[in-house]
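What follows draws every value from the coordinates through simple rules; no lab data is involved. Quick caveat, the model's predicted, so the values are computed rather than measured. Every residue, glycine among them, receives a Cβ derived from its backbone with ideal geometry; neighbour counts consider all protein chains shown.
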Amino acid sequence: MDSLSENLLGYSPIKLVDLFSGQQDEEDDLFAAAAKKKASKGELDPSELPIKILAEYAAEDADVTLQLYHKLIPELKKINVLSVMEDIESPLLPVLVAMENEGISLDQSVLDEVGKVLTEKIKTLSKVIEESAGRSFNLNSPKQLGEILFGEMKLVEKPKKTKTGQFKTDEQTLASLAPKHSIVTNILSYREASKLKSTYVDALPNHRAKHSGRVHTHLHQLVTSTGRLASSDPNLQNIPVRSEMGRELRRAFIPRGLDFTLMAADYSQVELRVMASLSGDPAMIKAFKNDLDIHTATAARVFGVKTDEVVPEMRRTAKMVNFGIIYGISAFGLSQRLGIPRGEASEIIKTYFEQYPAIHQFMLQTTESAREKGYTQTIAGRRRYFKDIKSGNASIRANAERAAINSPIQGTAADMIKLAMVKIHDLMQGRKSKMVLQVHDELLFDLHLDEQHELPPLILEAMEAAISLPNEVPIKIDLGFGDNWLQAH
DNA sequence: TCTCTGCTCAC
DNA sequence: CAAGTGAGCAGAGAC
């Protein structure tokens, strides 16, 4: 089923023609024409929901879009999803339009600087790699690389293959081969530099708008199956931060003027808090109430040691398990990621469920309920349907079950930040500061210096209070300020 | 020009 | 089989 109908409606799509038939006024004609155009270009199934077109149409004309939304409300009332629609998505639309129109400033000199380093690195590595390979080839082609490494150099006896029969050369595979030959490490470095240059350094400047000099991403309200936003052209929700070199790119995102600073406001461990709340697990809730480092607290429980005896390795493992749980863990998956035998991974998961029994219950109940009702829902009532939840194919069914576990967690976090955005947009009316970006659990602001004392506490309060989590699970926000996005963290 | 594949970036 | 949600790049091949 279409992700949009899963999100907002939870029933078979309304047909455009049904919804607007017999209506004659101007907006509808305009709207129908836009929809027809999209349909004729093959961009849209004519039977898809009108809301999807509305969202795309929104960027072009917010006023018309809002009027059309109001016409949809009677339809939505029939299917009892009004709160998500009326309280979250509809008021969020103008907020997103405003954010897109504001955009975010880029410091080209930072991109040039990083680009220079990357170009040099790519040049040097290309040379070294081709020397190791004994011939020249296209380093950007996984196919050619696979033939070199496994067909010609024969680095391993039984190379892994992709589903199309090509040699596998992804990061995980190559990392395991690093001890075999220096070429492998060099290829990984090349890949990193090449990715950073093509996707960010080279692409971002092309997205600067002439009229503003800023970058205006598109924030898609209705494309994900869980209720999150998506960002494109450019995607500003995947700007690097994990690797040292990639992180430097965040210095290119700057305030819009001398009187401004950037402020980042992050929900701390929001998905784990949501899971603690939805499951009602006493131990995990207690950890959050005591403002403990959740991964350290988990490590102490799983490994049966005191908090101050938790070593980094234990915390790292616990962190993997915590995230794994949110994603619908398997012993195999955990063993792969931790590089440990499957039996050990299995033991860790077993202990985890003994320590957090309500979380285990939550997972069982969520999949059971998804089987019975066909859907799961978030705290705000946002639904997602799972057509494969009863599939006879165990693998397909397991996929649906993992998604069913994850959706109310990820989706509730999405409800929360979306509601916060609506409140914040309201309280910022008539002020100089602007909300410029959302990255799932983070909001980024151009904060005017005149407002740097009064505004942050109001934003903090709006984020904390957006949704009160059941079972008294506290919400925590981290604030950061700086002359660029990196510093603001 | 379009679509698919493989890969990698984020939360 | 084997961890949830996205977007974008280059290569490869169809049209």
Using just the alpha carbons, could you tell me how many Å³ per residue the convex hull of the range A:400-477 encloses? 91
Of the listed pairs A:K127/A:K180; A:K289/A:K418; A:K319/A:K373, those with alpha carbons more than 27 Å apart are A:K319/A:K373
Distance histogram for the range A:187-298 (every C-alpha pair counted, 10 angstrom bins, percent rounded to whole numbers): 10, 28, 29, 24, 9, 0
How long are the semi-axes of the equivalent ellipsoid of the range A:360-489, defined as square roots of 5 times the Cα gyration tensor eigenvalues? Whole Å, largest first. 38, 15, 12
Whole-Hz ³J(HN,Hα) for each residue in the range A:277-284, computed from phi via Karplus 6.51 cos²θ - 1.76 cosθ + 1.60 with θ = phi - 60°, x for glycine and proline: what do you get? 5, 4, 7, x, 5, x, 5, 6
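Provide the packing ranking of A:105-112, A:130-137, i.e. peptides ordered by the mean count of other C-beta atoms within 10 Å per residue, highest first. Walk me through the numbers on the way to the answer.
Values: A:105-112: 15.9, A:130-137: 13.1.
The packing order, highest mean first, is A:105-112, A:130-137.
Give, as a single signed number, the net charge of other residues whose beta carbon lies under 15 Å from the beta carbon of A:S391, with Lys and Arg counted +1 and Asp and Glu -1.
Result for the neighbourhood of A:S391: +3.
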Near A:I254, within a Cβ-to-Cβ distance under 12 Å, what is the net charge of the other residues, with Lys and Arg +1 and Asp and Glu -1? +1
Please state the Cα pair-distance histogram of the range A:282-322 with 5 angstrom bins from zero: what percent is in each bin? 5, 30, 35, 23, 7, 0
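In square nanometres, what is one fourth of the surface area of the convex hull spanned by the alpha carbons of the range A:108-206?
Numbers: hull surface 27.7 nm².
Projected over every direction and averaged, the Cα hull of the range A:108-206 covers 6.9 nm².
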Return the ratio Rg/(2.2 N^0.38 Å) for the range A:271-407, where Rg is computed over Cα atoms only. 1.08
For the range A:314-322, Karplus-derived ³J(HN,Hα) couplings (6.51, -1.76, 1.60; θ = phi - 60°; whole Hz; x for glycine and proline) come out as 5, 5, 4, 4, 4, 5, 4, 5, 4
Residue-ordered couplings for the range A:212-222, obtained by feeding phi - 60° into the Karplus form 6.51 cos²θ - 1.76 cosθ + 1.60 and rounding to whole Hz (Gly and Pro as x), are 10, x, 9, 9, 10, 5, 9, 9, 8, 8, 10
Could you let me know the centre-to-centre spacing of the range A:237-254 and the range A:325-372, using Cα atoms, in angstrom? 32
For a 18 Å ceiling on Cα separation, which of these pairs sit above it: A:K286/A:K306; A:K121/A:K160; A:K143/A:K168? A:K121/A:K160
So, by mean Cβ neighbours within 10 angstrom, what's the order for A:157-166, A:276-285, A:326-335, A:394-403 with the highest one leading? A:276-285, A:326-335, A:394-403, A:157-166
5 angstrom amide H check on A:I477, placed H, neighbours 5+ away: A:S268
